[in-house]
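The structure appears below as structure tokens.
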Amino acid sequence: MPKKICPGKGCDNLINMKEKRCPSCAPIRKAEKAEHNRKYDTQVRDKTSVNFYHSSAWRKLRQHVLIRDNYLCQECLKESHITSAEIVHHIIEIKDDPSLSLKADNCISLCKACHNKVDHKYRSN
């Protein structure tokens, strides 16, 4: 099976192509991601959004949307690319129409790169 170098900082361990990080780097990345999310929640999101994104209703809907979309980025699929989805994005933002916050047809599964493009596209309009 082909191998690649672990992308962990200063790491040169070989890992399988499907793995994201080696066993020694994975917990470090998980902690970094948790810290990033904590800072985002405290410095960027308002209290209402933090509560919403930590609610069981959102977690259930998010899981439902990922399953519905087969864990694939829907924007990449439009270009015939197969990419794993990591983010469930609200097509119409919650702040624009709170009544759509828990509607599956207002959500789409995206990879991080497409989410950044979509988010930027809407913010610049």
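No lab work stands behind these numbers, since they all come straight from the coordinates. Note that the structure is a prediction, hence the values are computed from the model and not measured. Every residue, glycine among them, receives a Cβ derived from its backbone with ideal geometry; neighbour counts consider all protein chains shown.
Note on region 78-95: residues that are surrounded by 16 or more Cβ atoms within 10 Å (Cβ to Cβ), within 10 Å of Leu110 (Cα to Cα) and of a type outside the set (Ser, Thr, Tyr) total 4.
Tell me which residues, restricted to region 44-99, are aliphatic (A, V, I, L, M), under 21 Å from Lys33 (Cβ atoms), under 16 Å from the mean Cα position of the chain (by Cα) and part of a loop (DSSP other than H, G, I, E, B). Answer for region 44-99, where residues must be aliphatic (A, V, I, L, M), under 21 Å from Lys33 (Cβ atoms), under 16 Å from the mean Cα position of the chain (by Cα) and part of a loop (DSSP other than H, G, I, E, B): just Ala85.
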